[in-house]
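Quick notes on the structure that follows.
The values are calculated or read from the model by the stated rules, or taken from the named source; none is laboratory data. It should be emphasised that the depicted structure is a prediction, and the values quoted were computed from it without experimental measurement. All Cβ positions, glycine included, derive from the backbone under ideal geometry; neighbour counts span all protein chains shown.
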Amino acid sequence: MKFKEFLKENIFSDVDASQIETIYDKAKIAVALVKKYKPELLKNISVIANLPSGAYGVYTHFKLKGQPSNASGIVYKDKEKNIPLSQLPKQMISQHFPNINPSKLEKGDVIKVNIQGVLNNPNIKTDFETVKQIAGIIVHECVHKEEVDKTGQTSETNPERIQREFLQFLDKPEVAKEIAQELLKYPASSKSVGKLF
């Protein structure tokens, strides 16, 4: 299988958000909203994990766990460009580098969201606001990732702009209604007190 074909098949694979869903079960709605708004933002994001403290969100670039010392300099020679080993899909690495244990690989980048920080924010009073905030953080961090992938650097300008546009999208009456309907499928939480939006 050619590299481009493999990449195309795996480009929108599901994101593992189980860690944040364990802390706040409605985080699943936040991830679904990002996918609905602009699914390509989650391209090559393999995990949305919890950030235990500090900032509301960060993204970390893909790394190999237990990476052999010589693996960092290995590149896949594609017709168009050289691709570092750390950026190749697991199956392709296994196929071309059989000495690397696939269980030691993680595909894609990781977005981390400080779920407790969002839940403990006294200005966020409802589940609707909580879901919006988590989804907005995910979008913001995904834009940072896109910028770094494209240009090698990032700033807050684009991530903040696209996050604002996304939050405006969520405030559209038809989208807000969908979110409210989804929230009703979950048990009430302390954040549920009051109106949903």
Identify the single condition in (1) of a type in the set (A, V, I, L, M); (2) more than 23 Å from Gln168 (Cβ to Cβ); (3) in a helix (DSSP H, G or I); (4) modelled with pLDDT of 60 or more that Val58 does not satisfy, given that it satisfies every other one. (3)
For the stretch 164-178, pairs from a residue that is more than 17 Å from Ile134 (Cα to Cα) to a residue that is at pLDDT below 95, with Cβ under 9 Å and 6 or more apart or across chains, are Lys177/Phe197
